[in-house]
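Everything below concerns the one structure shown next.
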Amino acid sequence: MLLGLLAAGSRHGYELKRAHDERLPRARPLAFGQVYSTLGRLQRDGLVAPSGQEREGGPERTAYALTADGRAALERWLAEVEPPMPYVASTLFAKVVVALLVADADRARDYLVAQRQAHTERLRELTAVKTAPSASLDDIVAADFAIAHLDADLRWLRTTLDRVADWHREVHS
Amino acid sequence: MTQLQARGVVKAYGRTPALRGVTLDVTEGEIVAVTGPSGCGKSTLLHCLAGILRPDAGEVSWNGHRIDTWSEAARSRLRRTEFGVLLQFGQLVAELTAAENVALPLLLAGTGRRAARTAALSWMDRLGVAELADTRPGEMSGGQQQRCAMARALVTEPRVLFADEPTGALDTLTGEQVLTQLVRLAREQRTTVVLVTHEPQIAAYADREVILRDGMVDHTGLGLDTPLPGGRR
């Protein structure tokens, strides 16, 4: 991500953090320490290089720019297809499986109902965010991403319950 | 204030039950999504609330007056003046232009031709389809047709808009734009909306979600009758 943000021109650490948080408005904000440690690693690997010093009232700040290797690495990263869900790993998935396995069906149901409600409320919140007249394209794209995942979780929860009901009917008929 | 009310509404098609005792209150200005799997009775509930269908048992009230006992003519008058209906496929009249389609409910209610056209054009303008005024439905995209259908549903400034899968026939982005407009206009006009959908993403546009399952309101959202392993329910 940092290489991508440097593609537009050199930037110092603070600018990179700000650009990251703006472009990914629903992501966890990037910590400063993380920006500098990543820049250090990228510099060590020859993917970025210091491009100048800047001082505006405060401490001196180093700006970084992509090197030719850095640009090549960015292009490779962009061209590389992400493995589509190589492992089915999510706390939600694990919890539902465990909830369905535990002996106390009432407690499992309470959990599923509460989880569904929390998902639905979040879906509504994000829908309000993206339909607000002031929403930026970054806000909308980020909200869309979260909405699509919540929607998938909700469908999966519903289908799982239906499957369990079918299975139960078969076993007990 | 409760504007629409269903009390123990039962409806069957022949021997197939569609609604098995649905109770629901809708407050003025509220946007309520009625959701649930196919065949859960959501469209039937919408038709009963809108006075299109008469329940076999139970009551449907509008502003405190029972409408399920009214004659077809009286319910039809209520639908023309107070209610607007938007279906999945706009169902515009193919032989009429967009503006004529939008003006139709006003003409049926006795508004003069010129005033009806002016109102129609103003609503089409608000929905961004004014330039299609003299176009026939066959020459429009699905999204354009649905915007015209929405203008037609809103042209009488109804107190309640009943929308049955209004974006079901549109691609995701167009559906989203149509729905955003619908919700914005409803809020501006303080129009109550009863929105039937099976999509959680669409239901998220509403203030509240009522889930039907097998013809009954499912308060858990997960199927009250779903047995879980472990025996006890």
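The values are calculated or read from the model by the stated rules, or taken from the named source; none is laboratory data. Computed from a prediction, not measured in an experiment: that's the story for all the values here. Cβ placement follows ideal geometry from the backbone for every residue including glycine, while neighbour counts extend to all protein chains displayed.
Some notes on this structure:
- Sole exception among (1) crowded, with 21+ Cβ neighbours inside 10 Å; (2) modelled with pLDDT of 95 or more for B:Arg75, by number: (2)
- Which listed residue is surrounded by fewer than 14 Cβ atoms within 10 Å (Cβ to Cβ) and either under 13 Å from B:Ile211 (Cα atoms) or touching a residue at least 12 places away in the same chain (Cβ under 8 Å) (or both), from B:Gly29, B:Gly8: B:Gly8
- Residues within the stretch B:201-222 that are of a type in the set (Asp, Glu), modelled with pLDDT of 90 or more and either in a loop (DSSP other than H, G, I, E, B) or more than 19 Å from the chain's Cα centre (by Cα) (or both), tallied: 1
- When we screen A:Ala148, A:Ala142, A:Ala152 for residues that are within 19 Å of the chain's Cα centre (by Cα), modelled with pLDDT of 85 or more and crowded, with 18+ Cβ neighbours inside 10 Å, the only hit is A:Ala142.
- Residue check, B:Ala18 crowded, with 18+ Cβ neighbours inside 10 Å and under 30 Å from A:Thr160 (Cβ atoms): yes
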